[in-house]
Structures are given as C-alpha cells and as structure tokens.
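Asks: I have a structure here, written as structure tokens, and I will follow up with some questions on it.
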Amino acid sequence: MHAKKAKSEGDISNTDHLASDAHAVLDLFSGARNLSTPVWVYDVDNCRVVYANAQACKMWQAESEEDLCSRDMSKGMSSTVAKRLKQYQADFIERQTTFREMWTLYPNGEPVSSSVAFRGFRLPDGRMAMQCEVLERASDEPDNLRSAEALLHTDVKIALFELDGPALYMNPAARNSIGGPSKSFQQLFVDSKDYHVMMFELDGSGEHRMVARVTTASGKHWFDLSAKLCSDAVTGQPAVLLTAFDVSELKIARDKARYLADRDQLTGCYNRAFMHRLVEDLANASEVRCTLLYFDVDRFKNVNDTFGHEAGDNVLRELALRAQQVIGPEDIVVRLGGDEFAILLYEDADYVHVHQKAKVLFCNLSGPVRIGATSIDVNVSMGIADFTPAQTDFESALRQADIALYHSKREGRNRYTIYTSEMGAAALDRARFKTEIESALKQRDFVLHYQPRIDLRSGNVVSMEGLVRWKHPEKGIVGPDNFIPICEETGLIDSLGQQVLEIGFEQAMKWQDAGEYMHLSLNISPRQFADERLTDMLASFARKPGFPTDRIELEITENVLIGDLDDIASKLKTITDMGYRIAIDDFGTGYSNLSYISRIPLSCIKIDQSFVSQLPKSGPIIRLILSLGKQIGATIVAEGVETQDQYDWLSRHHCDQIQGFFIARPAPLDELGGDTG
C-alpha cells in the first residue's frame, strides 16, 4: 500500500464524509485505541483510511487520525497493489477469512515492512472494507524484504495448492488470472488428461513441467506450468507449488506457424514436407501398411490457357475438397505441387479394401467443375502403390506411384493403374535410356537425315526436311520414335530441339555458300516453341551475314496454337519478321479451329499422311485444304505419299508439293546425292 501525506480542499471535504463512518464504527474499536500494535480500517472503494488507532497514526507518520484519514492512498499506489486489495475485498464478501502477508508500506515515501493481518469489515453503508493489523515488524534483511515485494509485484503466477483441496496461497498475479482460491488444483485443467499426466509425473519425480490449457477468470488459456511437490509451511500437509506463465499468444503463433509450414496455402491440404515426416514416423510402427495414390489433372495446362490461372486454382481447390470428402479420418491428402496430389491411405489387414477405396476416390475426383456460369470438364490420371513404411521410404513409394501414373498416361489418361514390379523394371530401363540420351546430347551424337520435297509441276526437288536421328555407338541409327517420347517426358526435348536447329542451320549455310537454292524445313516441338529462348536463338542466327532466313521453314503442329492466340500470333510474327517462314505440320489432326488461319503468318500447310493414305476416300477433305491454301496464298504439301495412285491424284488436283517414301526415304545427304558441304 503506497500512500503519501496530502492535504487539499478536495481531500478535506471528502474527509468530513469519511470521518462520519469512522465515528460510526468507533464503538466497535474502542478497545483497539489502547493496543500496542497498529490497527486501521481501509475503505477499498475510496482508497481512504476511515479509522486508525494511535499506533497506526505513528506508523503512518500522521499527526492525527484526521490527518491519516485525509490522505488519498491511491496516489503512488501500484496497479498490482490496487488489484490485490480488490482481491481481498472480493474474498471478504464471499466468506469470512483472514490473510497474513508481508507488506511494505510507504508513509511519506519511507518504506516500512511488516507482517500484516487483513480481515473483512462491513461499513455502516453495507460496503466491505478491510481491517488491517500489524502483527510484527519484518526483519531488516534486504533479501527477505525484496523477495516479498517481488512475489507481490511479479506477473508470474505463483500458487500453493492442497493436494486434494483449494488453493492455500495465490500471489496477486495468480489470483487475478486464475480466480478465487476455492478452485482446486485439478479444476485448473481444461483437459483432465493433462491433470492426470501432471500428477503421475509428480508422484514419480516430485516435479513436472508441461504446456496445458487452464481455466482462468477470462476464459481458457494456454499456460506453461511448473509444479513441485512440497509441504505447507503452516500445516505441514502435502501441497503443490505451481508456477505458471500464460503462453497463449506464443502457442497460437507457433500452432499457426506449424500449420502454415505443414499446409499448402492454395488448397489447405498437407504439403510434401509433412507427408515425408509422417511416413518417417510411421516407419517405427512395423505393422502399419499404406497405399499411396498419386494423381494429377489431365491436360491441366489447357485449363489454365483456356480459362485462366484463377480458374485453374479453383479446379485444384475443388479436387482437394472432393478428395477430403471421401477419405477416412486417418487418411490424408497432400498437394505435392502444381496439379499433382497424393493421398495416403491406411490399411492394417488387406489391400483389397483399400484398393476399393482408391477406386471410389478416383471416380469422385473426375467430373465437371463449375466456376460461375462456366463448366470445366476435369479428368484425372492416377497411380497407386502399396508399401510398408518400415520397409519403404516415402520417396521410393512416390516413385512407384509415379511409375503407375505414367502408365495411366500412356494408356490414354483418365484411368488409374496399380504399380507392379514389371512397371518398375520398365521405368528403370527408361531411366537408363534417359541417361544415354543425355550423354548423346553432350557428345552431339544426333544427326539429321533429309527427306526431299518435290514440286509437282516441275518435278524438281525444291526443299529438304531435316529429321533427327541418333547415331548410337552400338545400335547404329536409332529412329525418333525410340527417343523423342522420352525427351518430351523428361524435358530433354529442349536441348535436342536446339541441336537440331544448329545442325540444320549449319547445313543451310553450306548450301548458301555453295550457291544452291535449297529450302530447309525443321520441326519445332510445342515445348520448344513455348521456350522464350527460341526467339533469341533464331535472332542470333538471323543476324549472321548472308544467313538465308527466307529459305528456312519452321514446322509447328496445330497443338502449338492452343492457348492465348494473341501471344502466339505475336511470337510467330516476331519470327517471320526475321525472315523465317512458318508451316503447319500434320494439318487437320490437331487443334481443329480454323480461326487461327487468318491470324498467323503461314507460308505452308502440310496435309497429314492419314488423309493421303485414305485417298480417294479422303478426297473431299484434301480438296478443301487445297482450296484453303489457294485462298490464303500458302503452299500445300502432301505428306506420306507412298503410291503412284496417290501421286497421280494429287497431281490431277494441283497439289503444290509432295514428300514421302514414293519419292525418297529420309537419308543422309550423301546418300541422296545432295551433300554439297
């Protein structure tokens, strides 16, 4: 209790009212006037002394009782002391009790430490005041005095509990947070399991520390609790000394950080790192058997290109929701990245049941996704791998599921496949083949074979198409069907495509230097076309003196044109502005939308060999393409001509150029008689 001598007109006027209370209780304390110990009555609500004996006045260094009663005790009083006095008042109202504590008072700013007994006292107006009696002056040991003050003012909650009863002592911080002393140690815990764990540990070692939810006056909070078994210094009975720190904000922040660390922000699914840790933990449970489902969205790039990335994000959220609605309470859904997801299913007995669950999941994932007024057809491909975490790590299980997913893609998509050891062996062969291709790219073992195109009017060879072959050191010449799919799957197609252009451009320069007016066509894959480095490479060659850009034709398929047509048309115009020519290869078999014809700078249309092979049945379609070519001024080339009848039909209907086995198979230039380098 902090108080300093203060007299003002406001204080004196208030003193008159308070003095009447003192006179009303004077008879009750007539015997106290002659006591040798200081006794006074404190009005908690008004922060005033309303009665004091001579010893109290002396202790407070007051000239008289009226002088002491005129003082405003709130001046200089700490908030901790004010809260403590209010706690006493609440306890006095609730029940008859006495508190004995070491207090340091500050009469006129000088510290006086004493052991004080506090009792409730009802004023005539019905309010609860506090009778204070000094039992003994405290020793002058600084450590004792300072420890008492620290216990009073600290924000750390400190309480002493009976083992099976209410609190024996609470410092102000504990009382203000936990509530009344009638609460038992067990009643603190929100979860009874935490209490039993605490008591079990106390029985074993005599002390324990844990983070648990505690019932407080302001609700349920997380506390860092440290408890020790001890004895009550008054009764000698067993007790629990509790020290508590409110860690709710830290707990919430850590939980949120852990949630964010374990979750994918777009879908709310778990992420790859969490799955990895989970499977590592499961490795310690040898009986656990799991099934991993690995799936992605078929042609998800088309969804983003056609409907936008926001729509693509909505598709991913919907897929995550569909998966979570079907899985069991212990199963988890993970977003691995992009449009790739994994689902971990638990199965303790037989894989038959879990495979049935996988089938249900697969069926529920596919289906239209509505985004506003738009409906997007969504299908998934899935790979399934059974594994035991104690024997197989997560990455290995994921590779097996990925191999099965690859098999689903190759079989036509929109299906699921269960991994087998045969698939694993085939995947290993592909991996070895990929390594060989990487080595071949470094050694520049890829070459071009050339297939002539002839003009049907003159019968002359007017162009060569460069077709890549692998000059394998052991197997000889390897055709593109054996390595192009692997290159496309692994991304090596970018490096291969660049080498093809470099080889072809070098040959074009040789023809140029030799004075031969020969055109060259080279294929550009959809992935290579999407690579921003393509235009830079084309520009670097175009800047070379004498480079014949006007005789180089870059063939793209219709699938290249899927996406933002404005961006695609702009890129093609940039290329043609350098002098290159653009041809559409395999026309009529890909992106069936003729609207792009008028928007891109085409110089050539190549009729796919599937139409040529069906002549004369496919005649109307080919005549339509021939007419289209004349309308837009593009050269029409028929591919895959293999018979005299096909040749004659195309000649009669005025096709511009042809190529195929009927003319010549792809071969090195020296075998075609055209190597002028």
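Asks: Select, from LEU496, LEU534, LEU501, the only residue that is touching a Cys at 6+ places or on another chain (Cβ under 7 Å) and in a helix (DSSP H, G or I).
Replies: LEU496
Asks: Given the condition more than 16 Å from ASN523 (Cα to Cα) and in contact with a strand residue (DSSP E or B) (Cβ under 6 Å, 6 or more places away or on another chain), answer yes or no: does some residue in the range 547-557 qualify?
Replies: no
Asks: Right, here's the next one. Taking the stated definitions as given, is ARG444 of a type outside the set (S, T, N, Q) and more than 16 Å from VAL468 (Cβ to Cβ)? Steps first, please.
Replies: Working: of a type outside the set (S, T, N, Q): yes; more than 16 Å from VAL468 (Cβ to Cβ): no.
No: the conditions fail for ARG444.
Asks: Sticking with this structure for a sec: Could you check how many residues of the range 388-416 are in a helix (DSSP H, G or I) and touching a Lys or Arg at 6+ places or on another chain (Cβ under 8 Å)?
Replies: Selection size over the range 388-416: 1.
Asks: Can you find a residue that is closer than 21 Å to ALA320 by Cβ, surrounded by fewer than 21 Cβ atoms within 10 Å (Cβ to Cβ) and either in contact with an Asp or Glu (Cβ under 9 Å, 6 or more places away or on another chain) or outside the structural domain of ASP494 (by TED's automatic domain parsing) (or both) anywhere in the range 383-392?
Replies: There is no residue in the range 383-392 that is closer than 21 Å to ALA320 by Cβ, surrounded by fewer than 21 Cβ atoms within 10 Å (Cβ to Cβ) and either in contact with an Asp or Glu (Cβ under 9 Å, 6 or more places away or on another chain) or outside the structural domain of ASP494 (by TED's automatic domain parsing) (or both).
Asks: For the range 218-233, indicate whether the set of residues that are in a strand (DSSP E or B), among the small types (Gly, Ala, Ser) and at pLDDT 85 or above is non-empty.
Replies: Yes, the conditions are met somewhere in the range 218-233.
Asks: Based on what the data block shows, is PRO545 in the same structural domain as SER598 (by TED's automatic domain parsing), farther than 22 Å from LYS571 by Cβ and modelled with pLDDT under 95?
Replies: Yes; evaluated as a whole, the condition is true for this residue.
Asks: If I filter the range 386-398 down to residues being among the small types (Gly, Ala, Ser) and under 25 Å from the mean Cα position of the chain (by Cα), which single residue comes out as nearest to LYS357 (Cα to Cα)? Walk me through it before giving the result.
Replies: From the range 386-398, those among the small types (Gly, Ala, Ser) are 390, 396-397; that's our starting set.
In the following step, the residues that additionally are under 25 Å from the mean Cα position of the chain (by Cα) were identified as 396-397.
Details: SER396: 22, ALA397: 18 Å.
Only one residue tops the list, namely ALA397.
Asks: Which residues, taken from the range 187-217, are assigned to a helix (DSSP H, G or I) and either surrounded by 15 or more Cβ atoms within 10 Å (Cβ to Cβ) or among the polar types (S, T, N, Q) (or both)?
Replies: GLN187, LEU188, SER192, ASP194, TYR195, VAL197, MET198, MET199, GLU201, LEU202, SER205, listed by residue number.
Asks: Only one of (1) surrounded by fewer than 17 Cβ atoms within 10 Å (Cβ to Cβ); (2) without any contact (Cβ under 8 Å) to a residue 40 or more places away in the chain; (3) over 35 Å from the mean Cα position of the chain (by Cα) fails for ASP455. Which number is that?
Replies: (2)
Asks: Which one is modelled with the lowest pLDDT, of the residues in the range 23-65 that are of a type in the set (Gly, Ala, Ser) and within 26 Å of GLU110 (Cα to Cα)?
Replies: By that ranking, first place goes to ALA32.
Asks: Failed condition for ALA427, given (1) over 28 Å from LYS409 (Cβ atoms); (2) not assigned by TED's automatic domain parsing to the domain that holds ARG551, with all others met?
Replies: (1)
Asks: While we're looking at this one, here's another question. Just for the range 70-117: of the residues that are under 51 Å from the mean Cα position of the chain (by Cα) and modelled with pLDDT under 75, which one is surrounded by the fewest Cβ atoms within 10 Å (Cβ to Cβ)?
Replies: Once the filter is applied, the top-ranked residue is SER79.
Asks: While we're here: Suppose the filter is farther than 21 Å from PRO452 by Cα and within 51 Å of the chain's Cα centre (by Cα); does LYS630 pass it?
Replies: For LYS630, the condition - farther than 21 Å from PRO452 by Cα and within 51 Å of the chain's Cα centre (by Cα) - is not met.
Asks: A further question on this structure: In the range 550-566, what count of residues is obtained for those that are surrounded by 20 or more Cβ atoms within 10 Å (Cβ to Cβ) and farther than 21 Å from SER598 by Cα?
Replies: 1
Asks: While we're on this one: As an exercise: evaluate LYS510 against (1) in contact with an Asp or Glu (Cβ under 9 Å, 6 or more places away or on another chain); (2) within 11 Å of TYR580 (Cβ to Cβ) and give the number of the one condition it does not meet.
Replies: Among (1) in contact with an Asp or Glu (Cβ under 9 Å, 6 or more places away or on another chain); (2) within 11 Å of TYR580 (Cβ to Cβ), LYS510 violates only (2).
Asks: ALA425 versus (1) crowded, with 16+ Cβ neighbours inside 10 Å; (2) of a type in the set (Gly, Ala, Ser); (3) out of contact with any helix residue (DSSP H, G or I) (no Cβ under 6 Å at 6 or more places or on another chain): which is the lone unmet condition?
Replies: That leaves (1) as the condition not met.
Asks: In the range 567-586, what residues are crowded, with 21+ Cβ neighbours inside 10 Å and small (Gly, Ala, Ser)?
Replies: ALA583
Asks: Hey, among the residues in the range 256-312 that are part of a helix (DSSP H, G or I) and in contact with a Gly (Cβ under 6 Å, 6 or more places away or on another chain), which one's modelled with the lowest pLDDT?
Replies: ASP305
Asks: Hey, among the residues in the range 365-385 that are polar (S, T, N, Q) and in contact (Cβ under 8 Å) with a residue 12 or more places away in the chain, which one's nearest to TYR406 (Cα to Cα)?
Replies: The residue in question is SER381.
Asks: Let me spell it out: the conditions are (1) in a loop (DSSP other than H, G, I, E, B); (2) among the hydrophobic types (A, V, I, L, M, F, W, C); (3) surrounded by fewer than 18 Cβ atoms within 10 Å (Cβ to Cβ), and VAL378 meets all of them except one. Which number is the exception?
Replies: The single condition VAL378 does not satisfy is (3).
Asks: Does GLY590 satisfy being among the small types (Gly, Ala, Ser) and either at pLDDT 95 or above or touching a strand residue (DSSP E or B) at 6+ places or on another chain (Cβ under 7 Å) (or both)?
Replies: On the way: among the small types (Gly, Ala, Ser): yes; either at pLDDT 95 or above or touching a strand residue (DSSP E or B) at 6+ places or on another chain (Cβ under 7 Å) (or both): yes.
For GLY590, the condition - among the small types (Gly, Ala, Ser) and either at pLDDT 95 or above or touching a strand residue (DSSP E or B) at 6+ places or on another chain (Cβ under 7 Å) (or both) - is met.
Asks: Does ASP264 qualify as being within 21 Å of ILE384 (Cβ to Cβ), buried (at least 17 other Cβ atoms within 10 Å of the Cβ) and out of contact with any Pro (no Cβ under 9 Å at 6 or more places or on another chain)?
Replies: Considered against the rule, which asks whether it is within 21 Å of ILE384 (Cβ to Cβ), buried (at least 17 other Cβ atoms within 10 Å of the Cβ) and out of contact with any Pro (no Cβ under 9 Å at 6 or more places or on another chain), ASP264 comes out as no.
The values are calculated or read from the model by the stated rules, or taken from the named source; none is laboratory data. All figures in this text were calculated on a predicted structure; none of them were measured in a lab. Backbone-built Cβ (ideal geometry, glycine too); neighbour counts: all protein chains shown.
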